[in-house]
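J.: My structure is below; once you've seen it, I'll send some questions.
The values are calculated or read from the model by the stated rules, or taken from the named source; none is laboratory data. Since we're looking at a predicted model, the values are computed, not measured. In this analysis, Cβ positions are derived from the backbone assuming ideal geometry, glycine residues included, and neighbour counts consider all displayed protein chains. Just so you know, the surface numbers come from the protein's heavy atoms only, side chains and all, with ligands and any DNA or RNA stripped out. Shrake-Rupley method; radii C 1.70, N 1.55, O 1.52, S 1.80 Å.
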Amino acid sequence: MTDKLNELTAAGVAVWLDDLSRVRLSSGGLDQLRREKHVAGVTTNPTIFAKALSDADEYNWQLHDLATRGIGVEESVRMLTTYDVRWACDVMRPSYDGSDGVDGRVSIEVDPRVAHDSDKTVAEAKALWWLVDRPNLYIKIPATEAGLSAITDTLAEGISVNVTLIFGLDRYSAVMEAFLSGLERAKANGHDLSKIGSVASFFVSRVDSEVDKRLEKVGSDQAKALKGKAAVANAQLAYERYTEVFSSDRWKALAAAGAHPQRPLWASTSTKNPDYRDVIYVEELIAPGTVNTMPESVIHAYADHGETRGDTITGAYDAARKVFADLESVGVDMDDVIVTLEREGVEKFEASWQELLDGVRKSLEAAAKGKGAPNKAAKGNAKGAEKAGGA
């Protein structure tokens with residue numbers, strides 16, 4: 001049978017998994033995806049961690065220890081999540097070493113409640129970098145206005161960054177500017193640029209969800225004919241900007257000093273509308289030097305029936321611009337779409353973070369009362385994860 005994920009990888013798309021849990025780690029599931037499905041990286045977010053900690057008892061032993069030590073809720077969340085990410089970094093280390101540090105990366109996000117505070121974001125990034133203590137870590141920083149300077153300041157410290165929650169083209173251009181400035185400062189600070197990595201996570205399906213809702217409200221046949229086209233067009237035009245920035249003399253000077261480009265990463269690539277092809281946000285966004293982070297269901301769907309048709313982005317710029325013009329002609333304000341999506345994106349992650357805090361608080365209280373004592377399986381998981389650095 002044809003290895004469709006290998007074809008996708010050969011076309012220049014790094015396949016990453018948008019999920020992480022201790023069950024996935026302890027079962028060997030992540031390592032299996034790395035070995036058998038060409039998964040070369042992992043992304044996480046507060047929603048993923050909230051679900052992981054609510055679904056499994058593999059965390060019981062660590063919750064018990066944290067409760068016994070009297071560790072507070074917020075610090076316990078850091079200990080629990082960085083433990084998983086550290087372990088995942090070790091699992092993905094062969095991909096990191098085999099790609100000269102380009103792939104094999106695992107992301108952990110700063111507290112989304114500080115997304116609009118640059119100083120706190122940088123402080124959180126430095127703390128997480130120190131806690132995980134793995135070279136193949138990415139610190140996720142939201143691309144808010146305050147996040148832009150935090151991105152530059154964090155990179156200047158020699159810390160690798162995954163810039164998340166990018167929805168619009170102008171903000172994406174600002175993110176690339178923040179990346180270049182950060183590397184220039186890192187070089188001036190004496191850091192080895194070849195060790196610093198970055199991706200820019202450009203969200204896809206959420207754009208269609210918001211735009212389609214507005215097109216449905218317009219209600220005309222012309223408007224309805226544009227449903228399902230905005231997200232791909234938006235990402236394609238983002239890639240056009242990427243190729244322009246990373247062919248500039250400014251970039252070439254950094255590349256000569258050993259820097260790796262900040263790859264565009266297509267995030268939110270599971271289709272929200274069941275009428276759309278389940279792998280559309282993979283098939284229509286194939287180009288060299290990109291990353292596509294997918295839920296496991298999308299990875300398996302592509303392995304089953306995905307079609308790699310070569311570069312599906314580079315020749316589509318004019319068509320993508322026409323989509324934007326057509327959207328404007330029916331009354332869809334893309335600037336307002338982008339502002340709405342960024343605001344909602346931060347709010348959703350803040351809500352998930354609060355859910356995570358509430359869940360850990362309840363678990364710590366139960367553990368303190370003796371209701372969450374570690375079981376044998378969980379202790380076995382802890383022993384198996386000793387290489388991840390302990391609790």
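J.: Can you run phi through the Karplus equation (6.51, -1.76, 1.60; θ = phi - 60°) for the range 132-137 and list ³J(HN,Hα) in whole Hz, with x for Gly and Pro?
T.: Residue by residue, the range 132-137 yields 6, 6, 9, x, 9, 8 Hz.
J.: Which value, in Å² and to the nearest 10, is the accessible area of Arg34 when all protein chains are kept and the probe is 1.4 Å?
T.: 50 Å²
J.: Filter the cross-link list Lys120/Lys272; Lys51/Lys217; Lys120/Lys213; Lys51/Lys369 down to pairs whose alpha-carbon distance in this structure exceeds 27 Å.
T.: Listed pairs above 27 Å: Lys120/Lys272; Lys51/Lys217; Lys120/Lys213.
J.: Once both labels are modelled 7 Å past Cα along the beta-carbon direction, what's the Ala225-His305 spacing in nm?
T.: 2.7 nm
J.: Right, something else. Set the Förster distance to 30 Å, then compute FRET efficiency between Ala256 and Ser99 from the Cβ-Cβ distance, nearest 0.05.
T.: Result of the calculation: an efficiency of 0.90.
J.: Counting only protein heavy atoms and using a 1.4 Å probe, what share of the accessible area of the chain belongs to carbon plus sulfur, as a whole percent?
T.: 49 percent
J.: Apply the Karplus parameterisation 6.51 cos²θ - 1.76 cosθ + 1.60, with θ equal to phi minus 60°, to every residue of the range 291-306 and state each ³J(HN,Hα) to the nearest whole Hz, in sequence, with x for glycine and proline.
T.: Result, rounded to whole Hz: 10, 10, 9, 10, x, 4, 4, 6, 4, 5, 5, 5, 4, 7, 9, x.
J.: While we're on this one: About the Cα centre of the range 172-224, what is the dipole size in debye to 20, counting +1 per Lys and Arg Cβ and -1 per Asp and Glu Cβ, all else neutral? Mind showing how you got there, number by number?
T.: Values: 8 positive and 8 negative charges, 25 e Å.
Result for the range 172-224 is approximately 120 debye, rounded to the nearest 20.
J.: A follow-up question, please. At 1.4 Å probe size, with every protein chain present, just tell me what the per residue accessible area of the chain comes to in Å². Display every interim value, and only then the final one.
T.: Values: 15840 Å² over 391 residues.
Per-residue value: 41 Å².
J.: In addition: Output the 0 to 90 degree angle, nearest 10, between the alpha-carbon long axis of helix 334-368 and the longest principal axis computed from the alpha carbons of the chain.
T.: So the inclination is approximately 10 degrees.
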